[in-house]
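Before any comments, here is the structure.
The values are calculated or read from the model by the stated rules, or taken from the named source; none is laboratory data. Fair warning: this is a prediction, and the values are worked out from it, not measured in the lab. Every residue, glycine among them, receives a Cβ derived from its backbone with ideal geometry; neighbour counts consider all protein chains shown.
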Amino acid sequence: MKIRIVVADDHTIVREGLKLLINHQSDMQVIGEASDGLEARQQVRDLEPDVLVMDVSMPNCNGAQATERVSREFPNVKILVLTVHEEKDYMRQLWRAGASGYVVKRAAAQELTEAIRRVAAGQSHFDPAVTRRGIARPNRKALEAKPAELSERESEVLRLLARGHTNREVATQLNVSVKSVETYKARLMEKLYLHTRADLVKYALSQGWLEG
């Protein structure tokens, strides 16, 4: 089945370009479009897409506000932010609001389509140009924790999970059982004072482990 997508941008020419690019992919289809945050939220409610590709600089409930509302009301819909902004504080705000990933508008078309596939599959996508600067910081205890406190296998599990892989995918790559991955995950999260997968990503970013 094709990935069902709603595109939200206040510029008609941008929406037309995005629709053309996305519909050209054999595994994707644009099923709706919106010109502002309120309309994007309504389109998600009416059409139940898999992914909402959304600009953040829009009138009538901007992208950051819409991201928070959509992620809260429709948790199964993945939100991919498309933006010209590359400031790390702005990215932190979007991440906290519930975005599954973001792509800057100067990125290549292929990066956008790959990002859509990743978030639709339940993974995360972060634009490399911004992740090198870091978009978020974990809590103080996590920052004070040293990577050396983790075993080599725990570090491998953390890196793979932070890159968006599921427990089963991690187990396959490391040739261990899913239960073992869950055990490693629980152990490393306890050591680093982390609570959610988002915390894992933040910690990995703070250590520079997601670069390259």
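Checking Ala171, Ala186 one by one, the residue that is farther than 30 Å from Gln25 by Cβ and modelled with pLDDT of 85 or more is Ala186 and no other. Counting only residues that are in a strand (DSSP E or B) and not charged (D, E, K, R), which one in region 45-78 is farthest from Ala120 (Cα to Cα)? Residue satisfying both the conditions and the ranking: Met54. Here Ala34 fits the description: of a type in the set (Gly, Ala, Ser), in the same structural domain as Ala108 (by TED's automatic domain parsing) and within 20 Å of Thr113 (Cα to Cα).
Per the conditions (1) assigned to a loop (DSSP other than H, G, I, E, B); (2) modelled with pLDDT of 90 or more, the sole criterion not satisfied by Gln42 is (1).
Report yes if Gly32 is within 23 Å of Met1 (Cα to Cα) and of a type outside the set (Asp, Glu), otherwise no. Spell out how you get there, then give the answer.
On the way: within 23 Å of Met1 (Cα to Cα): yes; of a type outside the set (Asp, Glu): yes.
Yes, satisfied.
May I ask you to list the residues in region 172-197 that are touching a residue at least 40 places away in the same chain (Cβ under 8 Å) and hydroxyl-bearing (Ser, Thr, Tyr)?
Our first condition is that a residue be touching a residue at least 40 places away in the same chain (Cβ under 8 Å); within region 172-197, this holds for 191-194.
Within region 172-197, just Tyr193 meets the criteria.
Here the condition is being β-branched (Val, Ile, Thr), free of Cβ contacts under 8 Å to residues at least 40 places away in the same chain and under 21 Å from Ala99 (Cα atoms); of Val14, Val44, Val51, it holds for Val44 alone. Annotation note: of Val181, Val176, the sole residue that is closer than 22 Å to Arg118 by Cα and at pLDDT 75 or above is Val181. Restricting attention to region 104-124, which residues are in a loop (DSSP other than H, G, I, E, B) and surrounded by fewer than 20 Cβ atoms within 10 Å (Cβ to Cβ)? The answer is Lys105, Arg106, Ala107, Ala108, Ala121, Gly122, Gln123.
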